[in-house]
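The values are calculated or read from the model by the stated rules, or taken from the named source; none is laboratory data. Keep in mind the model is a prediction, meaning the values are calculated, not measured. Backbone-built Cβ (ideal geometry, glycine too); neighbour counts: all protein chains shown. Just the protein is used for accessible areas: all its heavy atoms, side chains included, with ligands, DNA and RNA removed. Shrake-Rupley method; radii C 1.70, N 1.55, O 1.52, S 1.80 Å.
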Amino acid sequence: MAPISEALIFSFKSSKNSDDPGEKKIESFKVASSIMDAPLLSNTVEGAVDYQGRPAIRSKTGRWRSSGFIIGVEIAERFSYCGIGSNLITYLTGPLKQTTVSAAVNVNTWSGVASMTPLLGAFVADAYLGRYRTIIFASLLYVLGLGLLTLSTMIPTFSPPNCHNNINMTSCHPPQYQIIFFFSSLYLVALAQGGHKPCVQAFGADQFDGQHPEECKSKSSFFNWWYFGMCGGIVFSNLILIYIQDNLNWSLGFGIPCVCMIVALVVFLFGTNIYRYSFNDDNDNPFRGIVQVFVAAVRNRLATPPPATVDEEGGGTLPLQGANQFRFLDKALVTVSENSKKDWVVCSVNQVEEAKALLRLVPIWAACLIFAAVNAQSSTFFTKQGATMDRTIWSGFQIPPASLQTFINLSIFIFMPFYDRVLIPIARVFTKKPSGITTLQRIGTGIVLSTISMVVAALVEKKRLQTAIDSKIVDIPEAAVPMSVWWLVPQYILIGIADAFTMVGLQEFFYDEMPKGLKSLGLALYLSIFGVGSFLSSFLVSTIEKLTGEYGHDSWFSNNLNRAHLDYFYWLLLGLSALGLLFYLYFAKSYVYSRGYIL
């Protein structure tokens, strides 16, 4: 069996000497067919190899068996990441003694960086290391970052001497070197997440063959169950770690995620023998081909583009319907002169279509930024609202305000199986599509729900402020507003269901619509939406704080939330969300999928 497999892989490599890419594929399979019988050939997965570099056997690699390990890793990673991020604003305004505005900006900035670093991680994975090796390297970096973060809170000498005998530790400002050490460790975690997040998800999707009818359906379900498992990790994090951090010990609350990531790495390595590894048969850097198109188009900017054509090799990534879009890139197909041809390789139709595929994603990416800005409020101002309200469940026990984020993930936890097992099969009957509804329809539905959540949030905050006025505790910020924290639950639930539609839809959309060699980059682009959205939220908060806090007035984000106006901020986000939705609908309506259908 091994010699046969090695002969097959050798046929892939030796066929590279042919100048015609079409002949490469034909010769590869001619050689393979002469060695292997037809049933064995049909049992291999095109473009994938096993851990020994042999053609991946469909029945022995991939599918749910291997993706189960990967989903397990994601559960552990989300448990660890959210154990840091979900309650970060409490740590910053508590032990680090930052103002509400400074803490919110720092949380949003860190979250933004953590969501942008996947672009770097995806580049490294797709161009150099591959997803498997990038995941291992990122996991080790993750463990290091979490370990240092824990250390920043537990070394006794890092506490100021005058605070050792102070019962209220939060009344003491920590020394500058502790703050620097803490944030350095925090951003190391963000860098590690950049290599981990896009590669793990893309690697999980790689376990399913999109060209196989049954596995294609399974891949669509994979994104649902992936998000389902991810939310499970977040739920446990919000229920367990946040309670430990608020009521027991911050060092323990940060140390548990470190141990969890070590376990996640071990679990990931267990599945090595049954994973499918993406095989790039032209052995070319996919980024180079994309950049080459844009450079060639600029060089040939004065030339006339050729008529719209399809790739004669059959390797084009886009249907004919999209051939007339971004026609200026077709100039990369033009040979201006013989000298030019010697200086620069003329791009293929396939390269140009891949560049168009990337460019076509930009309007959809931009249209979802406001959704991401709205999403950022659940871990910042929603949490600060909850901290001012009555959080008593029973005598002597108060729910930590950050734990309310659990309702986001619980709503996803409950809704996702219903969506996958009930709504999608019904939709398939009417649309005849394997995914039930298109990914753009799914994304748009979530944006609508996100917009509605801002209406609910603004109305609840208005009632909270009025309750504080009626109770005459406006100037007593330490007093709990006599209004149950459960009033916040509906806005959390709406955010959760919106995430189930939009975030999962974005994951599948950016994975499917990217060229084969750039799948990790596609998922990194999806994550960057939330990075830029967090930066946008930080910009809005900083600008509004400056504009509304002038001349001694209380700003919308006053430290005393009873004198703040978060409701005004939520109404502003509502207006921006409505504009973003119109922008999204305009571009989504005309989008041509790589599989040839329109919204």
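Here are a few things to note about the model shown:
- Of the listed requirements (1) open to solvent by less than 50 Å² (accessible area, probe 1.4 Å); (2) at pLDDT 90 or above; (3) hydrophobic (A, V, I, L, M, F, W, C); (4) assigned to a helix (DSSP H, G or I), M483 misses just one: (4).
- Out of I26, I75, sole residue that is assigned to a helix (DSSP H, G or I), farther than 30 Å from L146 by Cβ and either among the aliphatic types (A, V, I, L, M) or modelled with pLDDT of 80 or more (or both): I26
- Residue in the stretch 216-230 that is charged (D, E, K, R) and farther than 14 Å from D512 by Cα present: no
- When I469 is tested against (1) open to solvent by 10 Å² or more (accessible area, probe 1.4 Å); (2) among the aliphatic types (A, V, I, L, M); (3) in contact with a helix residue (DSSP H, G or I) (Cβ under 8 Å, 6 or more places away or on another chain), just one condition goes unmet, and that condition is (3).
- Close Cβ contacts (under 6 Å, 6 or more residues apart or on different chains) running from residues in the stretch 195-217 that are in contact (Cβ under 8 Å) with a residue 24 or more places away in the chain and surrounded by fewer than 24 Cβ atoms within 10 Å (Cβ to Cβ) to residues that are of a type in the set (D, E, K, R) and not in a helix (DSSP H, G or I) comprise E215/D209.
- Test: residue in the stretch 519-533 that is crowded, with 20+ Cβ neighbours inside 10 Å, over 15 Å from the mean Cα position of the chain (by Cα) and either in contact (Cβ under 8 Å) with a residue 24 or more places away in the chain or outside any helix (DSSP H, G or I) (or both): no
- Number of residues in the stretch 419-453 that are open to solvent by 50 Å² or more (accessible area, probe 1.4 Å) and either under 19 Å from Y492 (Cα atoms) or basic (K, R) (or both) equals 7.
- Restricting T467, T502 to residues that are free of Cβ contacts under 8 Å to residues at least 24 places away in the same chain and not in a loop (DSSP other than H, G, I, E, B) narrows the list to T467.
- Answer residue from the stretch 271-317, given it is part of a helix (DSSP H, G or I), modelled with pLDDT of 80 or more and closer than 29 Å to W64 by Cα and is most open to solvent (accessible area, probe 1.4 Å) among those: N273
- Failed item, numbered, when T100 is tested on (1) modelled with pLDDT of 80 or more; (2) under 30 Å from Q178 (Cβ atoms): (1)
- Screening the stretch 71-117 for residues that are touching a Ser or Thr at 6+ places or on another chain (Cβ under 7 Å) and hydrophobic (A, V, I, L, M, F, W, C) and picking the one that is most open to solvent (accessible area, probe 1.4 Å) gives M116.
- The stretch 550-587, residues that are surrounded by 16 or more Cβ atoms within 10 Å (Cβ to Cβ), at pLDDT below 90 and of a type in the set (G, A, S): S555, S558, A564
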